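Note sheet for the following structure.
The values are calculated or read from the model by the stated rules, or taken from the named source; none is laboratory data. Being a predicted model, the structure only gives us computed values, none of them experimental. Every residue, glycine among them, receives a Cβ derived from its backbone with ideal geometry; neighbour counts consider all protein chains shown. These accessible areas exclude ligands, DNA and RNA; they are computed on the full protein's heavy atoms, side chains included. Shrake-Rupley method; radii C 1.70, N 1.55, O 1.52, S 1.80 Å.
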Amino acid sequence: LLLRHKTGTLGLKAMWKQKEGLHYKALLQMDPNVFMPFAHLPQTKAILKRFQFSDESSIFAEISGGSPTTDIHDGQNSGRVELHNFKYRSVDFRRVEANVSFTGETHTYRNLQVERAEGHATADEVHVDDAVHTVKLTNVVSEVDPVALVSCFAKDTSEVIARYRFDK
């Protein structure tokens, strides 16, 4: 499958065998909102709606995986993601890149690098479990405004930490 649009391309190679399940490889280099009508899962639509892209945005995601069923969320998936000049839940980012893996409602980002106007942040790992609504951060080093960053994942928590002053 190859989908071309003025914002870029989406390529997908997939194979399903009855006894082996689904194997796929996808390369995304376009505004994900373009293929929103093709996203059938409510959680996929909810995630995509959190992003805002502009003409200056660029996206690269290369994901591959396999599943015993035709649903990729039933299997192991991994790859690399890099986004430039976008907003996530109305927070501006210059660059975010990470290695990603996901199964079901859990996704993990390793070697995460973030760049915002005020500086950089890194984390060895960010583990998100949407089923129980938790985010676990490992070895975070940051010059980035913690209130803005936390508001992307936990609005109530960001309002609490906004009361505190953080030294660079």
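Can you pull out the residues in region 30-52 that are without any contact (Cβ under 8 Å) to a residue 60 or more places away in the chain, open to solvent by 80 Å² or more (accessible area, probe 1.4 Å) and under 15 Å from the mean Cα position of the chain (by Cα)?
Within region 30-52, LYS49 is the sole residue that qualifies.
Condition first: within 23 Å of GLU125 (Cβ to Cβ) and open to solvent by 70 Å² or more (accessible area, probe 1.4 Å). Now tell me which residues in region 81-91 satisfy that.
Selection gives ARG89 alone.
Residue-by-condition table, conditions (1) assigned to a strand (DSSP E or B); (2) open to solvent by less than 60 Å² (accessible area, probe 1.4 Å); (3) more than 22 Å from GLU56 (Cα to Cα); (4) touching a strand residue (DSSP E or B) at 6+ places or on another chain (Cβ under 7 Å):
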| residue | (1), (2), (3), (4) |
| --- | --- |
| PHE93 | yes, yes, no, yes |
| LEU112 | yes, yes, no, yes |
| HIS120 | yes, no, no, yes |
| VAL132 | no, no, yes, no |
| THR138 | yes, yes, yes, yes |
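Just one of (1) crowded, with 18+ Cβ neighbours inside 10 Å; (2) out of contact with any Ser or Thr (no Cβ under 6 Å at 6 or more places or on another chain); (3) modelled with pLDDT under 95; (4) closer than 22 Å to PHE86 by Cα trips up ARG116, so point out which.
(3)
Quick check: anything in region 4-19 touching a strand residue (DSSP E or B) at 6+ places or on another chain (Cβ under 8 Å) and part of a loop (DSSP other than H, G, I, E, B)?
Taking every residue of region 4-19 in turn, at least one turns out to be touching a strand residue (DSSP E or B) at 6+ places or on another chain (Cβ under 8 Å) and part of a loop (DSSP other than H, G, I, E, B).
Could you run through region 1-22 and say how many residues are open to solvent by less than 80 Å² (accessible area, probe 1.4 Å) and in contact with a Gly (Cβ under 7 Å, 6 or more places away or on another chain)?
2
Any residue at all in region 25-37 that is of a type in the set (D, E, K, R), at pLDDT 90 or above and over 21 Å from GLU125 (Cα atoms)?
Yes.
Could you check ILE47 against (1) farther than 20 Å from HIS107 by Cβ; (2) not in a strand (DSSP E or B) and say which number it fails?
Going through (1) farther than 20 Å from HIS107 by Cβ; (2) not in a strand (DSSP E or B) one by one, ILE47 breaks only (1).
Applying the selection to region 23-44, what residues are assigned to a strand (DSSP E or B) and in contact with a helix residue (DSSP H, G or I) (Cβ under 8 Å, 6 or more places away or on another chain)?
Answer for region 23-44, where residues must be assigned to a strand (DSSP E or B) and in contact with a helix residue (DSSP H, G or I) (Cβ under 8 Å, 6 or more places away or on another chain): just TYR24.
Which one is most open to solvent (accessible area, probe 1.4 Å) among residues in region 53-79 that are closer than 23 Å to GLU115 by Cβ and modelled with pLDDT under 90?
ASP55
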